[in-house]
Amino acid sequence: MDEVQSLMLQAAAFDAADADVQVVLGVLYNVTGDLGAATTAFQSALAQRPEDYTLHNKLGATRANDEHSELAIQSYDAALKLKPRYSRAWLNMGIAHSNMGRDEEAGRCFLQVLRLNPQARHIWPFVRMVFTNMGRYDLVEAAGYESINHPSFRELQVGDDVGLAGAAGAWEAAGGAGEVAGAWDEAGAS
């Protein structure tokens, strides 16, 4: 690993603007736990490839691992603005919200992942966890059926027209943040 990192640092010294080198460095720094250096490397890569939604997601994951969940959410928002149906960013955003105790937002993100990929059965435990944290045992029970089409989830989903991203933008794309928040209130969420 040290040899690979040394070679990549030499490549970066030769051409610091090479986004591919910065991405590899970012991954290597993540693996070795140097999250500050990984953040810098991904930011350098993004300066060259600002439209790369996967890089925004990688930066978000690095920030989340470095316990900067709010900054991570900003990176996931950027990824979702570029690719609204990027389920990995929705999942990561849900985890970041959950880590910050924002269970309602986390639940919406996790449901969006399932809506985009109903086969992602590994997401259901996340859904049950946030609904348990919210005291929404009716939704925990509904999640036990592992069907995104369960009637209890209809009003909790982001709409079909996901044209904007993130915990605010996607809800607006679904018909307005107030309308979606109202649906949650009608469902009895706190």
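Could you provide, to the nearest whole Å², the per residue accessible area of the stretch 29-101 with probe 1.4 Å?
45 Å²
For the stretch 19-122, with all protein chains present and a 1.4 Å probe, just round the carbon and sulfur fraction of the accessible area to a whole percent.
With neighbouring chains kept in place, the figure for the stretch 19-122 is 46 percent.
How far is it, in nm, from the label point at residue 141 to the one at residue 154 when both lie 7 Å from their Cα along the line to the Cβ?
It is 1.9 nm.
How would you rank 106-116, 75-85, 37-47, highest first, on the average number of other Cβ atoms within 10 Å across their residues?
Put in order of decreasing packing, that is 106-116, 75-85, 37-47.
Could you sort 60-68, 144-152 so that the peptide with the highest average Cβ count within 10 Å comes first and the rest follow in order?
60-68, 144-152
How big is D, in µm² s⁻¹, for the stretch 46-126 by Stokes-Einstein at 37 °C and 0.692 mPa s if Rh is the Kirkwood radius over C-alpha pairs?
Value of D from the Cα-based Kirkwood radius: 264 µm²/s.
The values are calculated or read from the model by the stated rules, or taken from the named source; none is laboratory data. Just so it is clear, the structure is predicted and the values come from calculations on it, not from any experiment. Reconstructed Cβ throughout: ideal geometry from the backbone, glycine too, with neighbour counts over all protein chains shown. To get the accessible areas, we keep the full protein, side chains included, count just its heavy atoms, and leave off ligands, DNA and RNA. Shrake-Rupley method; radii C 1.70, N 1.55, O 1.52, S 1.80 Å.
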